[in-house]
Amino acid sequence: EAQSLKDQIEAGTLDFAECAMKFSSCNSASTGGKLGRFNPGQMVPEFDDAVFGVMDNGITFEPKNAIGTICGPVKTKFGYHLIKIETRNMADFDFRAKEGKL
């Protein structure tokens with residue numbers, strides 16, 4: 001079901017916020033899926049990796065998922081998630097941000 005919803009969002013036939021309000025069982029459903037600001041390490045590992053994970057190509061670190069994309073379905077111990085990355089807040093201690101690699 002989550003993949004079908006993602007396909008509809010990407011096709012423009014379903015809005016992400018409307019989808020979250022209608023189908024999400026998370027508390028964020030009432031806010032259209034918006035989780036607010038969080039830093040690396042604050043979410044379950046699978047969720048954290050989708051938002052903050054990077055690929056090391058040997059020269060630079062590149063985010064696994066670009067801002068503006070819909071990630072998922074991502075399976076966690078809480079179920080399946082579609083994640084819309086609108087912004088990426090890096091913690092002050094994250095070496096990747098300090099080195100200008102993200």
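Could you state the accessible area per residue of the chain in Å², with a 1.4 Å probe and every protein chain left in place?
65 Å²
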Order the following by accessible area, largest value first: Glu1, Glu18, Glu62. Probe radius 1.4 Å; ligands, DNA and RNA are ignored.
Glu1, Glu18, Glu62
Which order do you get for Phe52, Phe78, Phe23 if you rank them by accessible area with a 1.4 Å probe, largest at the top?
Phe78, Phe23, Phe52
For the chain, which whole percent of the accessible surface, found with a 1.4 angstrom probe, sits on carbon and sulfur atoms?
51 percent
Would you check the accessible area of Ser30, probe 1.4 Å, heavy atoms only, in square angstrom rounded to 10?
100 Å²
Candidate residues Lys22, Lys84: accessible-area rank, largest first, probe 1.4 Å
Lys22, Lys84
The stretch 1-96: relative contact order as a whole-number percent, Cα under 8 Å and 6+ apart:
23 percent
Here the averaged projected area of the chain, based on the convex hull of its alpha-carbon atoms and given in nm², is 6.9 nm²
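Suppose only helical runs count, i.e. DSSP H with n ≥ 4. What mean residue ellipticity at 222 nm does that imply for the chain under -39500 (n - 2.57) per run, divided by all residues and rounded to the nearest 500 deg cm²/dmol?
Details: 4 runs with 30 residues, N = 102.
Result for the chain: -7500 deg cm²/dmol, rounded to the nearest 500.
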Could you list, in their original order, any pairs among Lys34/Lys64; Lys34/Lys77; Lys22/Lys77; Lys64/Lys84; Lys6/Lys77 whose Cα atoms are separated by more than 18 Å?
Lys34/Lys64; Lys34/Lys77; Lys22/Lys77; Lys6/Lys77
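The values are calculated or read from the model by the stated rules, or taken from the named source; none is laboratory data. All of these numbers come straight from a predicted model, not from anything done at the bench. Accessible surface areas use protein heavy atoms only, side chains included; no ligands, DNA or RNA. Shrake-Rupley method; radii C 1.70, N 1.55, O 1.52, S 1.80 Å.
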